[in-house]
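The structure under discussion appears below in the form of structure tokens.
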Amino acid sequence: MAYPELLFQEDTVTRDLEYLIQLYPEQAGRYLERISRMLDHLDYRGSMIYDEYPDRLALFRLAESIQEQIRREEEQEKGDSVKPDQEPVFTKTESGADDRDRKTLIQILLYYEIFRRRRKSGKMPVVYPDKNDYNGYGG
């Protein structure tokens with residue numbers, strides 16, 4: 001049996017989180033939509049995203065494949081918007097910093113989306129910390 005106070009707390013947290021997601025920068029919001037769409041294919045019983053401890057390498061590979069898919073989609077979108085006599089212009093720094101930043105953002109959004117799906121499906125234990133144990137520094 002769930003206590004009404006905890007249900008109210010969980011509902012409030014979910015509502016706050018959904019609101020904050022709406023405040024994401026435009027690019028992050030687009031990435032999250034694409035990641036969510038791609039994760040729909042992995043959202044089934046027995047999927048690795050619901051493993052108690054998902055394999056780190058498998059998640060890294062999944063993030064890389066999502067990044068590659070997003071890169072291809074962005075190139076296609078840019079190619080479609082370029083005039084036939086004009087070459088596509090891709091802004092990229094010499095060091096590849098844009099790619100690293102994009103990769104990091106995609107990994108973070110992927111792990112968040114997996115977390116959100118695990119919570120929503122009930123396949124992840126919900127732990128409510130005891131108010132007396134909280135010291136303000138994470139434990």
Glu113 passes all but one of (1) at pLDDT below 55; (2) of a type outside the set (Phe, Trp, Tyr); (3) open to solvent by less than 50 Å² (accessible area, probe 1.4 Å); which number fails? (1)
Considering only segment 78-96, I want to know if a residue exists there that is under 19 Å from the mean Cα position of the chain (by Cα) and either surrounded by 11 or more Cβ atoms within 10 Å (Cβ to Cβ) or modelled with pLDDT under 90 (or both). no
Do we find that Tyr44 is surrounded by 13 or more Cβ atoms within 10 Å (Cβ to Cβ), modelled with pLDDT of 80 or more and of a type in the set (Phe, Trp, Tyr) in this structure? no
Give me a count of the residues in segment 15-51 that are touching a residue at least 60 places away in the same chain (Cβ under 8 Å) and either touching a Cys at 6+ places or on another chain (Cβ under 7 Å) or hydroxyl-bearing (Ser, Thr, Tyr) (or both). 3
Regarding segment 15-30, can at least one residue be identified that is at pLDDT below 90, part of a helix (DSSP H, G or I), within 16 Å of Arg118 (Cα to Cα) and open to solvent by 70 Å² or more (accessible area, probe 1.4 Å)? yes
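The values are calculated or read from the model by the stated rules, or taken from the named source; none is laboratory data. Note that the structure is predicted; figures quoted are calculated from it, not measured. Don't worry about glycine lacking a Cβ; one is built from the backbone with ideal geometry, like all the others, and counts go over all protein chains shown. Areas reflect the complete protein model, heavy atoms only, side chains present, ligands, DNA and RNA absent. Shrake-Rupley method; radii C 1.70, N 1.55, O 1.52, S 1.80 Å.
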